[in-house]
Structures are given as C-alpha cells and as structure tokens.
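Asks: Structure incoming, see below.
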Amino acid sequence: MRGGNVLNTDKKQEIRAKLVMKLIPYLRKNGLQSIRMEEIAKVMEVSRATLYKYFSTKEEIIGFIVAGFIEYMNELTNSHFDTDQSFGTRFQLIFEQSVSLVEYFTDIFIKELETSYPEWYDRFNEGMKKREQYLLAFYAEGIQKGIFNPISGRLLIAQDEILRGMFNVKYLMTNQLTVQQILTDYYQLKKIQLFKPDKLTVIDDAVIEQRIAYLTQKITKNLY
C-alpha cells in the first residue's frame, strides 16, 4: 500500500510540474499579482476543478515554482567533481543554469515575488546566494589550478545579466539576431574569456550544442 502511495505522489508531482510549465511563460511576461485562479486554469488548459485537485491556492503554485528552481540550483551546488576535465563539464552546467534562471526569473517576476510573496522571495534569494558562493569558489579554484584566466568571479556572475535585455522580440528584430545565435556566441565568449588557451581542450563543445538547441526552442516559444 505504501508503494502505491509513493507512486501516486510521484504522479501527482509530475502532473503539477507539467501544469506549472504551461503557466511560467505567462507569469514571466505578465507578473503574479493580477492573475486569478480562473485565469490560471485557462492558461494551464484545465478546468478549475482539475486545477484545485493539484493546487489549492495561487500561493501554493508560486511556492511550487520557486521550490523547483531552488532544487534545480542545488543540483549544481551539491555536486562534486575532482578532475581537470570536470571544469569543462561544470562550466557548461553553470552556463545552462544561468540562461534558464535569466529566462524564467524576469525583473517583473522577481519584483512581484518580493512584494507579494516575501517568504518565497527570501528563500529564492538564499538559493541564489548559495549558488553565487559556489560559483565564486569554482572560479577561484580554476584560477588557482591554472585552468582559468585571473578574472573577477563577481564580474563573470554579473555579466549574465546582459542576457535579460537580449531575450525580447524587439532586440532580436532590431539587431537581426536569433536566440540560437545569442546563446552560441555568448557561450563562446564566456568560454574564451574564462579558460586559458592551452586548457580549452578540457571542454567538449559537442555536449553543449544539444543543450543550446533545447534552450533555443524553449526561449523562442516563450517569446512569440
């Protein structure tokens, strides 16, 4: 019986995650405050009765979203690598995560999270601070081992914010760019400025190509 309960819980979590993924593109553009449960059901393409089977309040939905991203960040900060080759792997994981966080946690989303759901905002902030400390330690370790160029870790972290202004239709059209071009060029920029020339061999770019294609599809879908 307990095994059945576990399976039912896992299935419910899976459905909750799928419903939320339909909602996130709307929230990133329109924010949190104005949308009501009736509208949420429409965006999720389910009835109100079905929505209430999985989420009883809007706050519960917001909490599910934030908790999911905190868990996503912890996947990186809780991982352990030992070899020089792993610096390439970690760099790619950090790049993918940085793009995802910029894409989903827009300025509108974060500001309204702080105003309307301060407890969840604090938890998200704590997760971001933990991630920042991990990144600073990672960059310092790479410099110490002679793999990275001696660049400020805080500057590297702040640099990711430039992506926020690029992921919008007006910018793309004005500059005749595609999301894939931006992601590919930004990846190359980060790689070349971070890794010393003789250490670039620790990176397998074939691995990231598939991830960039996936990110391009998700971001483009959310834009149009």
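Readers should treat all values here as calculations from the given coordinates under stated rules, not as data from a laboratory. Computed from a prediction, not measured in an experiment: that's the story for all the values here. For neighbour counting, all protein chains shown are included, and Cβ atoms are generated from backbone atoms with ideal geometry for every residue, glycine included.
Asks: Looking at this structure, is LYS221 of a type in the set (Lys, Arg), surrounded by fewer than 18 Cβ atoms within 10 Å (Cβ to Cβ) and without any contact (Cβ under 8 Å) to a residue 60 or more places away in the chain?
Replies: So LYS221 does not fit the description; no.
Asks: Could you check how many residues of the stretch 16-53 are outside any loop (DSSP other than H, G, I, E, B) and over 20 Å from the mean Cα position of the chain (by Cα)?
Replies: Residues in the stretch 16-53 being outside any loop (DSSP other than H, G, I, E, B) and over 20 Å from the mean Cα position of the chain (by Cα): 14 in total.
Asks: Only one of GLU59, GLU103 is assigned to a helix (DSSP H, G or I), closer than 16 Å to LYS218 by Cβ and out of contact with any Lys or Arg (no Cβ under 7 Å at 6 or more places or on another chain); which?
Replies: From the options GLU59, GLU103, the qualifying one is GLU103.
Asks: One residue is enough: does the stretch 181-202 have a residue meeting the conditions acidic (Asp, Glu), more than 26 Å from ASN222 (Cα to Cα) and more than 16 Å from the chain's Cα centre (by Cα)?
Replies: yes
Asks: Of all residues in the stretch 165-195, which are in contact (Cβ under 8 Å) with a residue 12 or more places away in the chain and loosely packed, with under 14 Cβ neighbours inside 10 Å?
Replies: Selection gives ASN168, VAL169, THR178, GLN193.
Asks: Another one. Could you say whether any residue in the stretch 131-138 is out of contact with any Gly (no Cβ under 8 Å at 6 or more places or on another chain), of a type in the set (Lys, Arg) and buried (at least 16 other Cβ atoms within 10 Å of the Cβ)?
Replies: Yes, the stretch 131-138 has at least one match.
Asks: If we keep just the residues of the stretch 128-162 that are touching a residue at least 12 places away in the same chain (Cβ under 8 Å) and small (Gly, Ala, Ser), which is nearest to PHE69 (Cα to Cα)?
Replies: The residue in question is GLY153.
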